[in-house]
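The values are calculated or read from the model by the stated rules, or taken from the named source; none is laboratory data. Worth saying up front: this structure is predicted, and the values here are computed from it rather than measured. Here the Cβ is made from the backbone with ideal geometry for all residues, glycine too, and neighbour counts use every protein chain on show. Only protein heavy atoms, including side chains, enter the accessible area calculation; ligands, DNA and RNA are left aside. Shrake-Rupley method; radii C 1.70, N 1.55, O 1.52, S 1.80 Å.
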Amino acid sequence: MADVVPVPVEAKPTGTGYTITEDTTINVRDDAAVGTGEYLAELFRPATGYELPIEDGPSRGLNGGISLRLDGAPSDVGKQGYRMQVDPSGVKIRANEPAGLFAGVQTLRQLLPPAIESKTEQSVEWTVSGGYVRDYPRFNYRGAHLDVARHFFGVDAVKQYIDYLAQYKVNHLHLHLTDDQGWRIEIDSWPNLTDEGADSEVGGTPGGYYTKEEYTELVEYAQDRFITVIPEIDMPGHTGAALESYAALNCDGEKRPEDTGVNVGDTSLCIDKEVTYEFVNDVIREVAEMTPGPYLHVGGDEAHTLSDEEYETFMDRAIPMVLEHGKRPIGWHQVLGADPPTETIAQYWYPGQDAPEVAAAAEEGHEIISSPASRAYLDMNYNDQDGVGQDWAGNTSVKDSYTWDPGTFINGVDESSIMGPETALWTEFVETLDDIEYMTFPRLPAIAELGWSPASKTTWQEFKERLAAQGPRWDVLDINYYRSPQVPWSTTASSRRSSATESHG
Ligand code: ACM
């Protein structure tokens, strides 16, 4: 019980645990819990080789099996927390909502030997250590951003990323769907966006995009794991792919050339043209229609070619469109420059702790997502040797990613205004799933713990031991994690070298 990440609010080891056998059943009484029961069965069947049937009602004989119940949980575990009891008669997870049962399942997974993660049958005694857990998140919002625009990642890679988020109780996936180098989401009313704006990526390799069906497949895969997808359409800057697709969106009426480089800040939609707002409204409408979650991210960062007035003119029209189409707007914190309505959430991304405009906005009632680049940007390299990303916000060791407090990082912003932390993984130099894993592990689990666990329990000395215990699980899952020398790993295998290590030194 000592090794669970994120560390639970309360975990008391007791005596003997429960051993999963070929007779174990998964007991689910409430219809709303069946999905999580099936998820659990699918997770444990390959390695155990057991049938693990889902049964409603009492379990077979004395073997109580694993029961998932939507009653009897203490009210203080809220909508996302759970209580778990493990003794020789079985495992009982209780929660107030299905999301809590799902979180409990992620904890249960870590109470079994690492071999449980194997895709093939293993001959291991599947004993869950005995004890009692009471657990719930510090922040209801725990996010992870993934840039699929600079390099495109297909449905299977994103599903893999979603599984990684679920494992560490992260519950929002923010997809950066559009940028200068590619437009990655099908929009029926503006077909050139994907006919012309999606075929390449940084470096000139072929890109790609999600059809509406594929996007829906991702949203549903995430939903099944209690993860909300947040689509980002970055505007009015970072719009090179749209400007490449439609001449009319350019102030000079000429299509912008394809962009396969890594410059930022040199593109913008044309603020003075009415067609710009028809375009923006159509895109927001279609993206809102295919997104069941409550949020739509409008980007708003690095519109360096615009004056403050032009930027404000644009956001004064774009943000109300998001609200009209039934979504709550999020923007990178520059959006505050346009004085948007207080429903607008600002995502803070600068490296430092001083951001008076963000503090003032929080005072006015804006909620803030905390993604300081010096801590939460997973594309920053670990040090001068290790990493396939960048260093503009400084190298970010595993310890750096863990030793900050998302609730208090921004000076003058009260914790009550912070929705939660969110990692960001920009992919200018991140080209493959191996690269993604190398930059994500172990820093995403570190920040996931800061988002979930009480601040009083998040000390580096103890965390690095818990993290070390995750290594064998990642080995079984074949995750290409960075073997940081700050962490006392028990294994010494080295990471696979990543493509970008080779091409970018
Ligand atoms: C950003 O990193 N430009 C939000």
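May I ask you to verify whether residue 146 is aliphatic (A, V, I, L, M) and under 29 Å from residue 330 (Cα atoms)? Considered against the rule, which asks whether it is aliphatic (A, V, I, L, M) and under 29 Å from residue 330 (Cα atoms), residue 146 comes out as yes. Could you grab me the full set of residues in the stretch 362-378 that are within 16 Å of the ligand (Cβ to nearest atom) and not hydrophobic (A, V, I, L, M, F, W, C)? Within the stretch 362-378, 370, 371, 372, 374, 375, 377 meet the criteria. In the stretch 341-361, the residue that is farthest from residue 402 (Cα to Cα) out of those that are away from the ligand (no atom under 16 Å from the Cβ) and either out of contact with any strand residue (DSSP E or B) (no Cβ under 8 Å at 6 or more places or on another chain) or open to solvent by 10 Å² or more (accessible area, probe 1.4 Å) (or both) is 341.
Report, by residue number, each residue of the stretch 74-103 that is within 15 Å of residue 227 (Cα to Cα) and either assigned to a helix (DSSP H, G or I) or of a type in the set (Ser, Thr, Tyr) (or both). Those that are within 15 Å of residue 227 (Cα to Cα) and either assigned to a helix (DSSP H, G or I) or of a type in the set (Ser, Thr, Tyr) (or both): 98, 99, 100, 101, 102, 103. Looking across the stretch 1-18, the residues that are of a type outside the set (A, V, I, L, M) and open to solvent by 50 Å² or more (accessible area, probe 1.4 Å) come down to 3, 12, 13, 14, 15, 16. The residues of the stretch 27-52 that are open to solvent by 20 Å² or more (accessible area, probe 1.4 Å), at pLDDT 95 or above and assigned to a loop (DSSP other than H, G, I, E, B), listed by number, are 49, 50, 51.
When the stretch 420-438 is limited to residues that are among the hydrophobic types (A, V, I, L, M, F, W, C) and touching a Gly at 6+ places or on another chain (Cβ under 8 Å), the one that is nearest to the ligand (Cβ to nearest atom) turns out to be 426. Filtered by the rule that a residue be assigned to a helix (DSSP H, G or I), within 16 Å of the ligand (Cβ to nearest atom) and of a type in the set (A, V, I, L, M), the stretch 296-332 gives a lone residue, 315. Just to verify a result, which residue in the stretch 267-300, among those that are acidic (Asp, Glu) and surrounded by 15 or more Cβ atoms within 10 Å (Cβ to Cβ), is nearest to the chain's Cα centre (by Cα)? Once the filter is applied, the top-ranked residue is 286. Scanning the stretch 389-409 for residues being of a type outside the set (Asp, Glu) and within 15 Å of the ligand (Cβ to nearest atom) gives a total of 6.
Only one entry in 245, 268 is among the polar types (S, T, N, Q) and under 30 Å from residue 217 (Cβ atoms), namely 245.
Considering the stretch 233-249 alone, what residues qualify as being open to solvent by 10 Å² or more (accessible area, probe 1.4 Å), in a helix (DSSP H, G or I) and under 12 Å from residue 279 (Cα atoms)? Within the stretch 233-249, 248 is the sole residue that qualifies.
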